[in-house]
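Structure first, commentary second.
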Amino acid sequence: MYTFVNERMTFCSESASKIVARPLAKSGTAPGKVQRGVSVAFYVIAIVSLSAFAVVIHTATPAPTTRYIIVYAKQWSYSPSVITVNQGDTVYITLVSLDVSHGLYIEGYNLGTDLVLAALGSNQTTFHFVATMSGVFIFRCDIPCGFGHAFMTGVLQVDPNNDFVTAGFLAVLVALLSSAYFVMEASSTAAG
Ligand SMILES: [Cu+2]
């Protein structure tokens, strides 16, 4: 045990003397210069790739549009039962009954329409809204329409607007640019 410790101590003191004895690196490539080069490269790569990501995501984001969707209702289902739109879209839903009175109420958005045949004198009615919230929302029949009424549901899927992600990328980009500016300022002040 003692020997082991002693050996290690010897080893340490040897390497310590080696470090002390080693001549200092010639200052042709000063560590400061190398570090500054590395951080400049880091900023350039980060800024270029962030800009590229932002452009790609923005390009992939569909512009908000107006959608007209016909939903057929019958005991006890909707067709289509899944409606997919993009956040920001204006959505017109025409509910058409193929049999009795039905409703279509979108939970979360808390809106919809009641298709009461006798009151409307028609088997269809239209309502519209702007899909401001992204996510998955259940819609259901809110007019008692028989045995399976409680199971008469569908899904509204609102895909998120990627421009929020683009905005996030741009915010990071601005932060990087300003920190790059301060780093350059600080290093040029330190240099001269
Ligand atoms: Cu119903």
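Sub-7 Å Cβ pairs linking a first residue in region 67-88 that is among the charged types (D, E, K, R) to a second residue that is part of a strand (DSSP E or B), at least 6 apart or interchain, are Arg67/Val85; Arg67/Val91; Arg67/Tyr92, ordered by first then second residue. Of the residues that sit in region 117-134 and are surrounded by fewer than 16 Cβ atoms within 10 Å (Cβ to Cβ), within 26 Å of the chain's Cα centre (by Cα) and assigned to a loop (DSSP other than H, G, I, E, B), which one is nearest to the ligand (Cβ to nearest atom)? Checked region 117-134; the qualifying residue nearest to the ligand (Cβ to nearest atom) is Met133. Of the residues making up region 167-184, none is outside any helix (DSSP H, G or I) and in contact (Cβ under 8 Å) with a residue 12 or more places away in the chain. Hey, can you tell me all the residues within region 171-192 that are farther than 15 Å from Gly32 by Cβ and of a type in the set (Ser, Thr, Tyr)? Result: Ser178, Ser179, Tyr181. Scanning region 135-172 for residues that are modelled with pLDDT of 80 or more, touching a helix residue (DSSP H, G or I) at 6+ places or on another chain (Cβ under 9 Å) and more than 16 Å from the ligand (Cβ to nearest atom) yields a single hit, Val172.
Report, by residue number, each residue of region 72-97 that is within 13 Å of the ligand (Cβ to nearest atom) and either closer than 24 Å to Asn161 by Cα or assigned to a loop (DSSP other than H, G, I, E, B) (or both).
From region 72-97, those within 13 Å of the ligand (Cβ to nearest atom) are 73-78, 95, 97; that's our starting set.
Passing the criteria: Gln75, Trp76.
The values are calculated or read from the model by the stated rules, or taken from the named source; none is laboratory data. Small disclaimer: the values here were computed from a predicted structure and weren't measured. Every residue, glycine as well, gets a Cβ built from its backbone with ideal geometry; the counts of neighbours run over all protein chains shown.
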